[in-house]
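K.L.:
Here you go, one structure.
Just so it is clear, none of the values below were taken in a lab; they were calculated from the coordinates. These numbers come from a predicted model, not from an experiment. Note that each Cβ is placed from the backbone with ideal geometry, even for glycine, and that neighbours are counted across all protein chains shown.
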Amino acid sequence: MNQDVVSPSPIRLVVLISGHGSNLQAIIDNITNKNLPAQIVAVISNKADAYGLERAKKAGIKHHVLSYNDFTDREDYDLALKNLIDEYQPDLIILAGFMRILSDEFVEHYSQKMMNIHPSLLPKYKGLNTHQRALDAGEKEHGCSVHFVTTELDDGPVILQATVNIEDNDTAETLATRVHQQEHRIYPEAIRLFAEKKLKLK
């Protein structure tokens with residue numbers, strides 16, 4: 001064994017979800033399989049019925065529900081969310097299907113420390129309904145992008161992308177299935193690059 005090789009210390013992750021949590025599961029699996037030097041210290045959902053909370057529970061990860069309905073406006077919600085996240089002192093915030101637009105102040109607080117995955121080859125098709133929009137435009141390729149979060153929606157520096165070919169018989173649903181498979185591959189890889197200090201913003 002090479003004694004000069006030093007494994008990086010696990011970075012601390014807080015994962016924000018709203019739904020099924022398949023990307024959360026991919027990250028959990030990579031950590032479990034020793035492919036990712038990270039520890040998920042908390043999972044936070046804005047929806048109490050998000051299945052991703054069950055995934056966190058099964059993995060023994062602390063999890064919280066912070067519902068927007070309990071707050072009067074976005075600023076109050078984001079402040080409570082920031083305070084909850086900061087209790088865990090994370091190195092990186094992971095947006096994994098978190099379906100809320102965050103305030104500029106919140107995003108700037110975690111500048112260069114928050115990642116998102118988006119189901120398109122950015123800068124194409126920012127926002128929603130990306131698979132159908134790619135089909136409607138007659139694209140030959142589609143895919144997904146991991147990027148740092150900035151105050152502009154789906155506009156931060158891209159870290160990794162994965163491409164899938166669009167088939168003649170594709171629907172939005174079949175295309176989404178193949179894109180999800182690529183998401184589960186590149187999101188843990190992007191986190192690993194961050195953990196190993198191999199990412200630099202230019």
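K.L.:
Hey, which lysines would be in cross-link range of Lys62, C-alpha to C-alpha under 25 Å, not counting anything within fewer than 8 residues on its own chain?
P.N.:
Reachable lysines: Lys34, Lys47, Lys82, Lys113.
K.L.:
Going by how many other Cβ atoms sit within 10 Å of their own, how do Leu79, Leu175, Leu201 line up, fewest first?
P.N.:
With the sparsest Cβ surroundings first, the list reads Leu201, Leu79, Leu175.
K.L.:
With all distinct Cα pairs included, what does the Kirkwood hydrodynamic radius of the range 11-195 come out to in Å, to one decimal, could you say?
P.N.:
Hydrodynamic radius (Kirkwood, Cα pairs) of the range 11-195 is 16.8 Å.
K.L.:
Work out the length of the dipole vector of the range 95-139 about its Cα centre, built from +1 on the beta-carbon of each Lys and Arg and -1 on the beta-carbon of each Asp and Glu, and round it to the nearest 20 debye.
P.N.:
With Lys and Arg at +1 and Asp and Glu at -1, about 120 debye.
K.L.:
Next question, about the same structure. Which value at 222 nm does the chain reach when only helices count, each DSSP H run of 4 or more adding -39,500 (n - 2.57), with the total divided by all residues and rounded to the nearest 500 deg cm²/dmol?
P.N.:
Computed ellipticity for the chain at 222 nm equals -10500 deg cm²/dmol.
K.L.:
If you put +1 on each Lys and Arg Cβ and -1 on each Asp and Glu Cβ, how big is the dipole of the chain around its Cα centre, in Debye rounded to 20?
P.N.:
Dipole magnitude for the chain comes out near 720 debye.
K.L.:
Taking 25 Å as R0, compute the FRET efficiency from the Cβ-Cβ separation of Lys113 and Asp70 and round it to 0.05.
P.N.:
Efficiency at R0 = 25 Å is approximately 0.45.
K.L.:
Then there's this: Give me the extension gain from Glu167 to Thr151: residue separation times 0.36 nm, minus the current Cα-Cα distance, reported in nm with one decimal.
P.N.:
2.3 nm
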